[in-house]
Every structure is written in C-alpha cells, then in structure tokens.
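Here is the structure we will look at, set down as structure tokens.
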Amino acid sequence: MSTFRHATLSNGLKIAAEIDPRGYSASFGYFVRTGSRDETDIESGCSHFLEHMMFKGTAKRSAADVNRELDELGGNSNAFTSEEQTVYYATVLPKYQDRIIDLLSDMMRPSLRQEDFDTERKVILEEIAKYEDQPPFGAFERVMERYFGPRGIGRRILGTSESIVDMSRQTMYDYFTRRYAPGNIVLAAAGNVDFDGLVAMVERLTSHWGDLVAAPAPPPDDASALPVGIATDPLISSPDAAQAYLVQIGPAPGGNDLDRYPARLLSSILGDDSGSRLFWELIDTGRAESCSLWTQEFMDVGALFTMLVCDPDDLSSNRRIVEKTIKRLLRDGVSQEELDQAINKAVAGCIMSNERPSNRMFEVGSDWQLRGEYTDLDKVLERYRGVNVDEIGRIADKYLTEATVETLATAEPLTQPT
Amino acid sequence: MNTPTITDENIRVISLPNGLTILAQPMPWLRTAAFALAVRAGVECEPEGRGGLAGLLCEMAQRGAGPYSSRDVVALQDNLGLDHSAGVSSALASFGAAMPGQSLPDALRLYAEIIRRPHLPGDQLDDALMGAMQEVRAIKDEPTQQVILRLKKMQYGPRAGRPNCGDEAGLNAIEMKDVNQFYDQRYRPEGAIMAIAGNFDVEQIIGLAEELFGDWKGALIEIPRDASGLPGYEHIQQDSSQTHIAFSFDAVPLGDPNYYLMRAGVGILSDGMSSRLFDRVREQRGLCYTVSLSAHSMQDRGAIIGYAGTTPERAQETLDVTMREIEALVDGIEPGELERLKVRVQSSLIMEQESSWSRVSSLISDWYHRGRVVTMAELEQRIESLRIDSIVEYWKSNPPKGYRVVTLGQKPLVIPPSRNG
C-alpha cells in the first residue's frame, strides 16, 4: 500500500509525497502557486512565458545543458501553466531521483538571460498563432473573459501577441521575484520515492531560495479600459471554419466545495462524451460533431462549460435541443440507474488514471498546493459513491438555472448569441 | 531502494484453428486489465468509391449487438468501467478497452457480441452517416490534420494512404448493403488478433476467449496492393495565422531488419528536448513552436513524416533548416545523442509495465506488423546493441530524397528540385 508523507522546510517550501515502493517509476513536480490570475495587464502571459524561460539555463547550466540533462534521465518531463498554477515535472526511473531533483531544483532559479528572452518570445508568438488556427479559434478564452472579466481568473494564459511583444525582461524578473518565493511552492512526489533522501537533498539545494527579494507590486490596472489585444465581442469570425463552435459558461462549485463531486456526476449524466443525455440526443443521431458539458474547478469558484460543435445551419435547432434536455432534467431529475452508471464510470476512471505514479503526483501536488490537504484514492471513490439522486437534483436546481454567457466562433454567424 | 527492471514476461500465444491469434500477458501487479481485438477491416479494404465505410461499420457495430440494444451496450460499458475505444487504421479495425481487472470476463462477453453479432440497424444508417460526415468536416478545421492527410495520400499511394475518416463522396454513396457486405467479408477470424494484458486469471480468460471465439468462422479475401505515391509538392491556399508544413520521404517497413537503425536516426533528430530539430529549429532560432519527425512504417512500406507550423515570413527558413538538419545526420552522431536515446527507450519500456493498455497496443502492433511477439526485454536488448556507425551507414544508404511536401497557408514555399525530384 502507498503511504503519504509531508514536510515543510526551514525556508517555507512544502513537500508532499505518496510513496509506493512497488512502483516502476518515480514522479516529481514543483507546483508554483502562480498563473494568469496573478498577472496585471503589463504581465499578461508572463506566467506562461516564464515557464518557457525556466528551461533556458541557470547560473550552473546553459539552456542546452538543461534540455540535454532532462533527456539523459529518460522518462517524461515537461511543464504547464494554468490560471492558478505553474508546474514543472518529470517522471523517471527511481535510480535517477537525485539527479532529477538536482536539475529541477536548479531550474527553479533561472538566469533569465536577455538573449534567450528575445528568442523565446518568438516561440511564444508562434504558439499563440498556432492556437489561432485551431478549433475552437479562441472561443474558450473569449467566453472566460466575457464571464469572469478579462482580468483575474478570466485572464488568458498565453497573453496576447501585443502583451508578449510589449513585455520586458525586467517585468518578468520582477514577477518572478514576487511569485517564486519558497513559501509559494510545493514539491510533490509519487511512486517509488526515497522520501527521507528527498527532504534532505531539497533542504540543502534550496537553502538560498529565501534570499530572493520581492520587487514592488506593479501599478494596478486601469479597470475602465480593456487590456491590450482583448475584445469582448461574443462572435469570433473564422472565415475558413467549416463548423460552428458554440461555448457557454455558467457557475459551478469551486475547488474547495464538496458539491464538486455531485456536480461532476451531474455533468457526466448530462454531457459526457459517451452515453450521456446530450450524447443520445445529438451525437448518436449525427446532429452534431460533439456536444459536451463539464465542470472546471478553480480555488474559489467553478465554471460549468457547454460546448457544441456542428454544421452552422444546424446550430439553432441543436441549441434548442440542449436547452430542452437541461429543462427536462430540471423537471424530472435523474434516475437511480442513471446515477449508478455515472458513479461506476467515474470510479473506474479514477482507478485507471491513478494507476500511474505521474497521475498520482498531479493529484497530490494540486491538493496540497490549492487545498492544503491530502485525499487518498479510496476517499475520492467514497465521495463519488456517496452521492444520491436528491443531491443531484439540488445541484441541478442551484447551477443549471443560472444565466450563462456564450461565445460563438464560425465562418458566417447567423444568429447573435445571448 | 529497489531498482525496477523489466519483469519476466510470460506471454502466451494461442493460435485458434479459425485463424484468430490470442496473445495474453499477465501483469499481476496492476489493478487493471485491458484487451483489444483487431480485424482486417481497415480503410485499405474499402471498395473503391466508398471512403469512410470502414469507420462507419466500426461505429455501427456498437449500435446494438446480440441480446443488447444500443443503450444496453453503453450502459454495460459504463457499469463495467470500460475506458473504451474503437477505430480504424489503414489495415485494421480495432475494438478495445482498459478497465478494473475484475470486469474483464464480462467485457470480453460484450465484445464477442459486438464483433460477431452486431445488429447493424438499417434505420440508423442515416444517423451514423451524419456523424461520420461531421468527422470529415471537423478535419477541414484542423490545418495540421489537413496537411498530414494530404501528405499520406502522396506518400503511401491512393489505397494505403486513404484517410481513416473517409470522404464526402464516399459517405454519400454508402448504402446498407455496402455495410452488410463489408461486415460479412472483413469481420472474420482469419488474421484477427486479440491481445489481453494486465491483472487477470490467465487460464480462465484464455478458456473464455476460446469459448467466445472458437466457433467463429470465415476466411479473408486478399485485397489488392497499389504502388506508393510519387514525390511532389502541393499547396493549400488558406488565410491562416501560421503556415503548416508537412513532408515525408521513404523509409523501411516495420519488419525490416534495418528498422531500428532508421528509427534511431528519427529519435536523434526528434525525440526529446535535446533532439536536433527541437534544439536547432526551435530553441536556437525560435522559428516555431512545433517541429517534429516520426516514423510511420506499415507492413509493406514505410515513411518518415515531418511537421512544422510557423508564421508565413519564417516558413521558408523553417523548412530549409529542418531539411538541412535531417540530411546532416549522415555527417555523424555524438555518443551522447545515442546514449540519451537508449535511456529514453529503456525508461519507457520499464514504465510501459505500469499500463495494461500500452502493452495491449504494442502486442497488437507487433503481431500484425512482424507476425510475432516482441518482448520488452528483446526490444531493450536490440536498442542497447545499436551502434553509431551502423545508424550512419543506414542513413547514408537510404538518404532522405524524393520528398513529398504539403503546405497550408497564405503563400506557397519553394522546394528545390534536388529535394523532391
């Protein structure tokens, strides 16, 4: 069986690990509590740009050294940025624990050289251009901006081409000094991990991290103006698009709310990719390419997304089907059989995705960083199994009756979204 | 701390008289099990003018089977906790799932009905066709997929390079009799492969599989083979933000003795963050976000396919630098480059033991392409024995040439005649 252990180092850095000595691999990740919601307008896209720059070398290593050493340790390593976290991770064979920890810890104190900054800026601009060409053509970012506002949780992760072109290295460095203090970071581990060795090594490697002096906060944003490069139009014109992409957003339980479990089951019953009510109405019948409904949880708020992709000519009729399907659920509730099926699917999904140490590491890291708690897999399964039909009804009444906001990306918008 | 390695593999191979091969690999340390069943019913088997039939049948087979209605099938899949998938490739139609180990017997019973006794309800043909048409439309909105699909046709030829999703003309022509006929001809035990891996009782499951599939009957009809495509360049005009570049050239098939020498060269060029293309095209020059190269070998032919996406003003330079780096592989390989490749392969093989689904996919692929099981230990040994001079020698004897190139974007690029002549 796996065991959970945790420690807080003298500099404030927290370590949390789920250890299973039978594992074939060990997975490690630095979870920094910073993301697009922590940025100001002039920093828009900075968390993600900085994530790229963390691979560009340190006082001891060049950029090529970092990439080469990551590859020398095999396994999978990468990083990602969300609205509220930036995570640097690697999964390796257990024999490489010390080497990967030495490398990841060193990377967390990057050089941020001007020349690398200028080259990487081009890569970021290419990444933004790449997503502009891909469905749903920016509809997710736009609907978040329209619902939450273009700042805070609604701020787009990549920033805009304009904000990236305008960004200076100094802005990034100042942001780094404020956000990468050890007290703002969790190191998570899972699998075949030597925990005592890990704690001792990280204590030594990060002893100087507390020396970082935080720069003063940037000036507050001008709330009366939109950030540069941001529009709030509900329509996104994509002249070459064959399909119409409609995204709706409404409220859902946040990441600290235990209602998130029944809300996930409700969205599975209504809008899972397969076997849900919307699946039978729209996908089984060939009316739409896809129609899904799901919740996303942030620390303090949640969002319920609905996404419909279909021929532009069928958009109005399909949208009415979505509305009718939701109304019917509100009126009649869900059956025990339907709920059991959703629970069985969720429970099996958890068991399977948690079989790999890398997936456990993400769960442990996010839990410890965002909630300061550890939840073992059996506890999660118990929470799903404990949900009853009355609770699903209560969650439906609370969240499915709220007003939603929409964005539509299509070649020729025929109908004005609400 | 213990140091995990590759555990003894005990793979069982059972060849049934009807032509079905069952491969079973117990992995008792897991909580899950997975299986896949593949029949010779991929897109290369479709009759002319019926592009999309293979995928359509694969989808329709799940619309009710044996005693189960369409809704029963989905309810069973969900209640058994199946993470299921079904799809077609050039040669195969595959059905499979990963699941908590105890669900495996019931899952096999369900899929025996789907493969052997599908209802193929005529009154749902239009719904299924509309769904298939949605997939074709979706690809039009994915520039990366669009250039790769065009490229595959140029590379592999009209039959082997068919798109898995079919095309509008083919879908419009499909009638119920096409579906039934394709099912009767291609969903047969001859040449079919079933792989099972994970936590299960080997004797019980093999016995069950024999009981479920032993009396399945039918032989296959050979399908015609056509020649590979010819070198050339096509540009798709579109007002996109990036220019999307796909290119390919010939390589050896999967069963070829030189396959690993070819694959090692691709790895040095494109696997990992210190690989040559990532380092020299993206990291040093900032030319693009995505640049990649991968080996796409089939049973009788092979190709190496590359992709890069970049803004129009940097597209020509991106293509030129990328091709130059590939061609420079013959100038030599650093010992560290090969060493990193070996560690990567070894790590991924050891970690493959954490996933029953990964093992199932490898077993099916090895059996289809090589006609035998390749154990993880054998693969590790083969990679370990690779030497720089043999890799360079392969790439000297098989230099990248005769490129097929497809671009999508605001303006076409220039391909020197020496490269795609």
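For segment B:163-240, just run the numbers: alpha carbon Rg, then divide by 2.2 N^0.38 Å, N being how many residues it has.
Working it through for segment B:163-240, the quotient is 1.77.
Need one number: nm distance between label points at A:S168 and B:E327, each 7 Å from Cα along Cα→Cβ, rounded to one decimal.
4.4 nm
Show A:K130, B:K152, A:K379 ordered by accessible area, largest first, where the area counts protein heavy atoms only and the probe is 1.4 Å.
A:K379, B:K152, A:K130
How big is the equivalent ellipsoid of segment A:110-207 along its three axes, where each semi-axis is √(5λ) from the Cα gyration tensor, reported in whole Å from largest to smallest?
Over the Cα atoms of segment A:110-207, the ellipsoid semi-axes are 33, 20, 15 Å.
Return the whole-Å distance between the Cα centroid of segment B:326-402 and the Cα centroid of segment A:81-158.
30 Å
Hull surface divided by four, with the convex hull built on the Cα atoms of chain B: how many nm²?
Hull-based average projected area comes out at 21.6 nm².
Choose one answer from B:R404, B:R282, B:R162: the residue with the largest mean-square fluctuation in a GNM of chain B with alpha-carbon springs under 10 Å.
B:R282
How many Å² of accessible surface get buried when B and A come together, counting both sides, probe radius 1.4 Å, rounded to the nearest 100?
Between B and A, the summed buried area is about 5700 Å².
State log₁₀ I(q)/I(0) for segment A:224-356 at q = 0.09, 0.14 Å⁻¹ as given by the Debye formula over alpha-carbon point scatterers of equal weight, solvent excluded.
For segment A:224-356 at q = 0.09, 0.14 Å⁻¹, log10 I(q)/I(0) is -0.33, -0.76.
List, largest first, the extents of the alpha carbons of segment B:340-421 along their principal axes, each in whole Å.
So the three principal-axis extents are 46, 34, 28 Å.
Taking N as the number of residues in segment B:5-213, what is its Cα Rg relative to 2.2 N^0.38 Å?
Relative to the 2.2 N^0.38 Å estimate, segment B:5-213 comes out at 1.07.
Averaged over peptide B:111-120, how many Cβ atoms belonging to another chain are found within 10 Å of each residue's Cβ?
Counting Cβ atoms of other protein chains within 10 Å of each residue's Cβ and averaging gives 0.
Where the eigenvalues come from the Cα gyration tensor of segment B:265-373, what are the semi-axes √(5λ) of the equivalent ellipsoid, largest first, in whole Å?
Over the Cα atoms of segment B:265-373, the ellipsoid semi-axes are 29, 17, 14 Å.
Going 7 Å from the Cα of A:K95 along its beta-carbon direction, which residues of segment B:346-361 have the amide nitrogen within less than 18 Å of the resulting point?
B:346-354
Can you list the lysines whose alpha carbon is less than 24 Å from that of A:K324, not counting same-chain residues fewer than 8 positions off?
A:K398
Suppose all protein chains stay in the model; what accessible area per residue would a 1.4 Å probe give for the protein assembly as shown, in Å²?
Accessible area per residue, the protein assembly as shown: 38 Å².
Using a Cα-Cα cut-off of under 24 Å, which lysines could be cross-linked to A:K95, ignoring same-chain neighbours fewer than 8 residues away?
Those lysines meeting the cut-off are A:K14, A:K60, B:K342.
Taking 18 Å as the cut-off for C-alpha to C-alpha distance, list the pairs among A:K56/A:K122; B:K153/B:K411; B:K177/B:K217; A:K130/B:K140; A:K345/A:K379; B:K152/B:K401 that go past it.
Over 18 Å apart, Cα to Cα: B:K153/B:K411; B:K177/B:K217.
Using Cα pairs closer than 8 Å and at least 6 residues apart in sequence, work out the relative contact order for chain B, in percent.
22 percent.
Per the Kirkwood formula on distinct C-alpha pairs, the Rh of the protein assembly as shown is how many angstrom?
Computed over Cα pairs of the protein assembly as shown, the Kirkwood hydrodynamic radius comes out at 28.5 Å.
Please compute, for the alpha-carbon atoms of chain A, the extent along each of the three principal axes and give them in descending order in Å.
Principal extents (Cα only, largest first): 61, 51, 35 Å.
Quick one: pull the percentage of alpha-carbon pairs in segment A:311-380 with a separation above 20 Å.
I get 58 percent for the Cα pairs in segment A:311-380 exceeding 20 Å.
Counting only protein heavy atoms, what percent of the accessible surface of the protein assembly as shown is carbon or sulfur at a 1.4 Å probe?
With neighbouring chains kept in place, the figure for the protein assembly as shown is 49 percent.
On average, how many beta carbons from a partner chain sit within 10 Å of the beta carbon of a residue in A:63-76?
Shielding by partners across A:63-76 averages 6.
Grab the beta carbon distance between A:D257 and B:R71, set R0 = 35 Å, and tell me the FRET efficiency rounded to 0.05.
0.60
Counting only GluC sites (Glu not before Pro) that are in a DSSP loop and have at most 16 other C-beta atoms within 10 Å, tell me the longest site-free stretch of chain A.
A:1-372
If you scale each eigenvalue of the Cα gyration tensor by 5 and take the root, what three semi-axes come out for segment B:27-89, rounded to whole angstrom and sorted largest first?
In descending order the semi-axes read 27, 18, 8 Å.
The values are calculated or read from the model by the stated rules, or taken from the named source; none is laboratory data. This is a predicted model, so every value here is computed, not measured. Neighbour counts run over all protein chains shown; Cβ positions are idealised from the backbone, glycine included. Calculation scope for accessible area: heavy atoms of the full protein, side chains included, ligands and nucleic acids excluded. Shrake-Rupley method; radii C 1.70, N 1.55, O 1.52, S 1.80 Å.
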